Every structure is written in structure tokens, then in C-alpha cells.
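What follows is a set of notes on a single structure, which appears directly below.
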Amino acid sequence: MSFEQIFDESYERVLSARRDGNDFFEAFYQRFLNDDRRIAQRFAYTDMATQQSMLKKSFYSLFAFYASGQADDSIRRIAERHNRDHLDINPELYDRWLECLIRTVTQFDDEISEDVELAWRLVMAPGITYMKFKYDK
Ligand code: HEM
């Protein structure tokens, strides 16, 4: 099975799972906000339900970037919104973002394995590299 297929199947499992009454995106943001005070501060005035659904949508741009090797308008817009002139999200925070995501996958996917974890890291890597690269461009 390719890493893309391993990722797709894991993504389906995590989307249909609930833990402690939370769905995957709720649990991810709880973890991410608790990870670092600087992160919680950035979301102090954010409607987190809207934020969760925006992240879910933007996941498709991340997958598409991995699969096609091309940045579509959606990922370009997201990178611009996060860059130094706008939200000013320091590139190092993307590493925290990824580690929180992987820990949430581990919590939600009953079939977690090294290959599943690697599949997530591979699929997310181009999008994260792109966002970091565009920080000061
Ligand atoms: C690849 C990783 C990430 C993706 C795909 C992503 C995606 C998004 C999307 C789709 C939005 C909504 C944009 C809009 O309003 O049009 C957003 C907003 C935001 N993101 Fe990210 N994000 C990522 C990483 C991060 C990181 C590492 C931080 C660090 C704290 C962060 C902080 C924020 C903040 C503060 C907002 C604005 C919230 C508001 O409107 O109040 N994001 N993100």
C-alpha cells in the first residue's frame, strides 16, 4: 500500500472516531492551544468551531499539494495569511503544530503504526515547508 493510501485510510478512521466527547479537530486544537502560551494567545479571540472547520477544509489543500506537487490558490492564500506581514506565525510553530497533530492521530487512530505516522508526516511535509518558506517572502 502506498503512503498516500495509508494516509487516506487513517484519515477516514480519525474522522469517524471520538475521544472524551471530542472529534479529531476539537482534540487537535485543545492539544495545540495547551502546548505553548504563545499559541493560546494567538487564538484568544478566535471562534474555535469556525477555526476547526477551516482547518478541516485546508487539509484538502495540504493533501492536494502532496499529491500534485503544485500550490493551489487555497494554500497560497493560507500561507499569505500566516506570513510575517499578516498573522506573523513564526516558522518554528509549525513544528509544534505537526507534533500536536501526530499526537492527536495517535490518540484517534486505533490502527496507529510506524507506517501510519510516517504517512501523516510525509503528506503534511510539503505544505508545512511551503508555509514556512513563504513566511518572509
Ligand atoms: C500547515 C499548518 C496550518 C494550516 C493548514 C493552517 C490553516 C489555517 C486556516 C485555514 C486559517 C483560517 C484562515 C482564514 O481566516 O481565511 C488559519 C488561521 C489562523 N491560524 Fe493557522 N494554519 C496552520 C498553522 C498555524 C500555526 C502553526 C499557527 C500558530 C499559532 C496558526 C495560527 C493561526 C491563527 C492565529 C489564525 C487566525 C485565527 C483567527 O482568525 O482568529 N496556524 N489557519
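Read the figures in this text as sums done on the coordinates, not as results from a lab. Here the structure is a predicted model, which means the values were calculated and not measured. Using ideal geometry, Cβ is built from the backbone for each residue, glycine included, and neighbour counts are taken over all protein chains shown.
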Which is farthest toward the positive dipole end of the chain among S16, L93, Q30, measuring Cα position about the Cα centre, with Cβ charges +1 (Lys, Arg) and -1 (Asp, Glu)?
L93
Can you tell me the dipole magnitude for the chain around its Cα centre, using point charges on the Cβ only (Lys, Arg +1; Asp, Glu -1), in Debye to the nearest 20?
660 debye
Counted charge near R96, where neighbours are those whose Cβ lies closer than 13 Å (Asp, Glu -1; Lys, Arg +1):
+1
In the calculated pair distance distribution of the chain, what percentage of Cα-Cα distances lie above 23 Å?
32 percent
Counting only other residues whose beta carbon sits under 14 Å from that of H86, what net charge do I get with K and R as +1, D and E as -1?
+3
Within the range 37-57, the residues whose backbone N lies under 15 Å from a label point placed 7 Å from the Cα of R77 along the Cα-to-Cβ direction are 51, 53-57
Cβ-based net charge around V14, under 14 Å, with every Lys or Arg adding one and every Asp or Glu removing one:
-3
Estimated vicinal HN-Hα couplings, Hz - the range 102-110 in sequence order (Karplus 6.51, -1.76, 1.60; Gly, Pro = x):
5, 5, 5, 4, 4, 6, 9, 9, 5
